[in-house]
Amino acid sequence: MIMTRTLFILFVSSILASLARAEGTGDFTGTWASKTTDAITFALDLKQTGSRIEGYHNAVAQSGRRVDDVQPDSGKPSISGSVRGRVAHVTFSSGYGDGTGEATITLNGNRLDWKITKSSGMHYLPSASVLHRQ
């Protein structure tokens with residue numbers, strides 16, 4: 001009887017583990033960068049801990065005349081939010097002006113798709129960008 005219960009528990013556990021892997025959780029941790037055009041570059045340095053994500057950004061626009069940058073030595077992360085599967089919903093704060101907003105980051109292998117869903121104030125983060133793991 002105990003052996004049957006043990007086998008049943010192991011069987012159910014393996015099914016649940018398979019379902020969790022099939023959901024496709026990803027790891028956003030790392031340095032990601034894109035070159036949108038000759039005049040715009042965008043990079044994220046992200047760290048995922050469980051379902052939480054935070055990090056820093058660097059956005060260069062107008063051929064280098066505008067730099068929106070927040071680095072780790074500046075204190076509070078400029079990007080923070082939560083991860084569910086392969087999608088992160090984050091808030092951001094500009095390093096250039098008073099800009100803030102919300103964005104969705106979708107993980108597709110070694111590629112991130114960044115899309116601002118809401119923003120206000122002055123910032124130079126791109127409205128949409130494709131970034132690659134560095």
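The values are calculated or read from the model by the stated rules, or taken from the named source; none is laboratory data. Predicted model, so just to flag it, every value in this text is computed and none were measured. Neighbour counts run over all protein chains shown; Cβ positions are idealised from the backbone, glycine included.
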Next item on the list: All but one of (1) surrounded by 17 or more Cβ atoms within 10 Å (Cβ to Cβ); (2) touching a residue at least 24 places away in the same chain (Cβ under 8 Å); (3) outside any loop (DSSP other than H, G, I, E, B) hold for SER80, so report the exception by its number.
Entry: (1)
Checklist line | Subset of the range 107-128 (residues that are closer than 19 Å to GLY50 by Cβ and in contact with a Lys or Arg (Cβ under 6 Å, 6 or more places away or on another chain)) | finding: LEU107
Item checked: Close pairs (7 angstrom Cβ cut-off, 6 or more residues apart or separate chains): under 10 Å from ASN110 (Cβ atoms) and loosely packed, with under 12 Cβ neighbours inside 10 Å in the range 121-134, modelled with pLDDT under 95 and not hydroxyl-bearing (Ser, Thr, Tyr) anywhere -> none
Checklist line | Output for the range 67-77, where each listed residue is acidic (Asp, Glu) and in a strand (DSSP E or B) | finding: ASP68, ASP69
Item checked: Pair list, Cβ under 7 Å, 6 or more apart: the range 83-109 residue within 20 Å of GLN71 (Cβ to Cβ), other residue of a type in the set (Phe, Trp, Tyr) and part of a strand (DSSP E or B) -> THR100/PHE92; GLY101/PHE92; ALA103/PHE92; ALA103/TRP114; ILE105/TRP114
Item checked: Matching residues, the range 24-59, being modelled with pLDDT of 95 or more, among the β-branched types (Val, Ile, Thr) and crowded, with 17+ Cβ neighbours inside 10 Å -> ILE53
Note to self: Filter the range 72-111 down to the residues that are of a type in the set (S, T, N, Q) and over 18 Å from ILE40 (Cα atoms) and list them by number.
What the structure shows: SER74, SER78, SER80, SER82, THR91, SER93, THR100, THR104, THR106, ASN108, ASN110
Check: Which of the residues belonging to the range 84-116 are closer than 19 Å to HIS132 by Cβ and outside any strand (DSSP E or B)?
Finding: ARG86, GLY109, ASN110
Next item on the list: Might you check whether a residue that is of a type in the set (A, V, I, L, M), surrounded by 13 or more Cβ atoms within 10 Å (Cβ to Cβ), within 13 Å of the chain's Cα centre (by Cα) and more than 21 Å from SER63 (Cβ to Cβ) occurs anywhere in the range 97-106?
Entry: yes
Next item on the list: Would you tally the residues in the range 35-87 being acidic (Asp, Glu) and under 11 Å from the mean Cα position of the chain (by Cα)?
Entry: 2
